1. Could you please find all residues in segment 453-468 being without any contact (Cβ under 8 Å) to a residue 40 or more places away in the chain, of a type outside the set (D, E, K, R) and either over 25 Å from Gly408 (Cβ atoms) or open to solvent by less than 30 Å² (accessible area, probe 1.4 Å) (or both)?
2. Could we say that Ala16 is part of a helix (DSSP H, G or I) and open to solvent by 40 Å² or more (accessible area, probe 1.4 Å) here?
3. Specify which of the listed residues (Arg513, Arg549) is under 39 Å from the mean Cα position of the chain (by Cα), closer than 30 Å to Tyr428 by Cβ and touching a residue at least 12 places away in the same chain (Cβ under 8 Å).
4. Which of the residues belonging to segment 112-125 are open to solvent by 30 Å² or more (accessible area, probe 1.4 Å) and either in a helix (DSSP H, G or I) or charged (D, E, K, R) (or both)?
5. Return the only residue of Tyr193, Tyr128, Tyr160 being under 30 Å from Tyr356 (Cα atoms) and crowded, with 17+ Cβ neighbours inside 10 Å.
6. Taking Leu414 as meeting all but one of (1) modelled with pLDDT of 75 or more; (2) farther than 30 Å from Lys533 by Cβ; (3) out of contact with any Pro (no Cβ under 7 Å at 6 or more places or on another chain); (4) open to solvent by less than 50 Å² (accessible area, probe 1.4 Å), write down the number of the exception.
7. Quickly run through segment 519-570 and pick out the residues that are open to solvent by 70 Å² or more (accessible area, probe 1.4 Å), not hydrophobic (A, V, I, L, M, F, W, C) and not in a strand (DSSP E or B).
8. Give me the residue from segment 206-229 that is at pLDDT 80 or above and open to solvent by less than 30 Å² (accessible area, probe 1.4 Å) and, out of that set, nearest to Thr156 (Cα to Cα).
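The values are calculated or read from the model by the stated rules, or taken from the named source; none is laboratory data. The structure presented is a predicted model; accordingly, all values stated were derived computationally and were not measured. Cβ placement follows ideal geometry from the backbone for every residue including glycine, while neighbour counts extend to all protein chains displayed. Areas reflect the complete protein model, heavy atoms only, side chains present, ligands, DNA and RNA absent. Shrake-Rupley method; radii C 1.70, N 1.55, O 1.52, S 1.80 Å.
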Amino acid sequence: MQLRDYQQQAVDAAIAHFRHSSESAVIVLPTGAGKSLVLAELARLANGRVLILTHVKELVAQNAEKVALLSQAGTVFAAGLKQKDSSGKTVIASVQSAARNLTQFSQPFSLVIIDECHRISLSEDSQYQLLFNHLLQQNSTLKLLGLTATPYRLGTGWVYQSHYHGKVGSVEQATFTRCIFELPLRLLINKGYLAKPVLLDGLAAQYDFSHLVPTEGGDYSEQQVDSILGKTGRATKLIVGQLNQLAHNKQGVLIFAASVRHANEIVTLLEGLNQQVALLTATTPGNERDQLISEFKAQRLKFLVNVAVLTTGFDAPHVDLIAILRPTASVSLFQQMVGRGLRSAPNKTHCLIIDYAANGYDLYYPEVGSPRPTSKAVPVQVPCPQCQFANIFWGLVDNDGDIIEHYGRRCQGLAEHAPTTVPNQCSYRFRARICPDCGGENDIAARVCQQCQSQLIDPDKRLKEVLNQKHHHLFRCQHMLLADVQGRLQVQYVDIDGNPFYRQFALQTAAQRRALFALFILPHQRAPGLKPKNYLTAREVVADQDKFRMPQLILLKKTNKGWQHLDSIFDYNGRYQFNASIT
């Protein structure tokens, strides 16, 4: 069997990597790209024994089928498939079964390949880590390779430390050392390997999840979501009614619900419209789940509703309508849901994807590597002034697509390094906290200086000390207005009680314009790192008011001439933001 060109390139990348390195590696291929064929070819070419791991029995069976297609059949070790044979040159196993039967894996393997490797937990007592530690005891030079369509985990970030394109990943919380190959989704669609996606926002109605706040884990809590859904009135009924109409000329409809309660409501409404529908949740018994999926794949069921169980490891190529009725803060999860409908099938030219949750993601969005800070944020490209790396950060753009603001902190590029040395992240910081002892730049949330190890002053502690002095005032900003007053730039800050504070800047001389840049333009810039205009007049600055951010707090001192500006405080989340003190 002949591999597609990109599949062969992925195989070649893995071989080239492991010829000169024992570092763990990851390959990124979109859903539907044929990861099973890539890992099967690698297993065929490997000199030693190969263990292929995944988390669901459907993928175990699929990977075993592809291994047998390209070479001699492997042995399967998965309780769900009622097979437990670890004797083959290639063993295809579920991680759950393998981790519970470590003694069956005491013969050394040379290579471990993990399908859907973004699911690996860093916890030392996780099934993956327990199995890896056991296998390394049998062979200390064991090679580790992961395959995934979405190399990102909410809460921990990228699954790799560095990328072959020259960018940094998650240095401290990554399972794999290096991403060695990545294929963009658009290429597969343009070549006709995947069905064309038609992505629409909700047509009949939409839920408003814009006020949701992600949990520490990175996504939204079911309790928050259910609370909003309970106030949506007739939205779900209107949405289900539209899906019922659209389904007439569709082969299969897959619905992603926001919660179990929400899913039951959807099922009840569909059944009331005389539709054949099934529901899958995390508590659906295994035998029942298998039966329902089989009926859906055989097209005896038109609708399949699920709650967070069919984002990976589910293959039903006939699906040509996907309805997303749940919010997510993760680009990766959104793309996983959409990917369930992109496989090609007979009589299928495209897949209709309707986002009723107004997630607002473009199908081709790159993963940014941090939680989405606001529902209006989109990925923006920000070049580093120091190394010229093209960073992808969350940001805001205007109607022309120009960047208004970005939320990046540090350049994600890798500094130039010799092939035999460990790559280091570019040192440029778009936003920084300056150490008062050595002047070194640190992350804005840092508590210890990376350069001199000095304890950085807690901003609340500093504010408390200053405010305990006489004649100091903490001005809590609510608005910032710019005006051209007889050729001078006037900056008016307004506090929560409507009180104003003014600063003025002259622009007649080069020295005055440099002072304006240092005291106002640079600290107030919403998109640091992007070269600002060379402002010559106050009118030019006023015209670009949207490009400047307002400080949360301004520290003032009363003098004989009035209030004097001491400091503007940005990126502040302490207690004085809500309860400013005056002395």
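1. Hits for segment 453-468 are Gln453, Ser454, Gln455, Leu456.
2. On the way: part of a helix (DSSP H, G or I): yes; open to solvent by 40 Å² or more (accessible area, probe 1.4 Å): yes.
Criteria met by Ala16.
3. Being under 39 Å from the mean Cα position of the chain (by Cα), closer than 30 Å to Tyr428 by Cβ and touching a residue at least 12 places away in the same chain (Cβ under 8 Å) holds for just one of Arg513, Arg549, which is Arg549.
4. Hits for segment 112-125 are Arg119, Glu124, Asp125.
5. Exactly one of Tyr193, Tyr128, Tyr160 is under 30 Å from Tyr356 (Cα atoms) and crowded, with 17+ Cβ neighbours inside 10 Å, namely Tyr193.
6. Evaluating Leu414 over (1) modelled with pLDDT of 75 or more; (2) farther than 30 Å from Lys533 by Cβ; (3) out of contact with any Pro (no Cβ under 7 Å at 6 or more places or on another chain); (4) open to solvent by less than 50 Å² (accessible area, probe 1.4 Å) leaves (3) as the failure.
7. Lys531, Lys533, Asn534, Arg539, Glu540, Asp546, Lys547, Asn560, Lys561
8. That would be Leu212.
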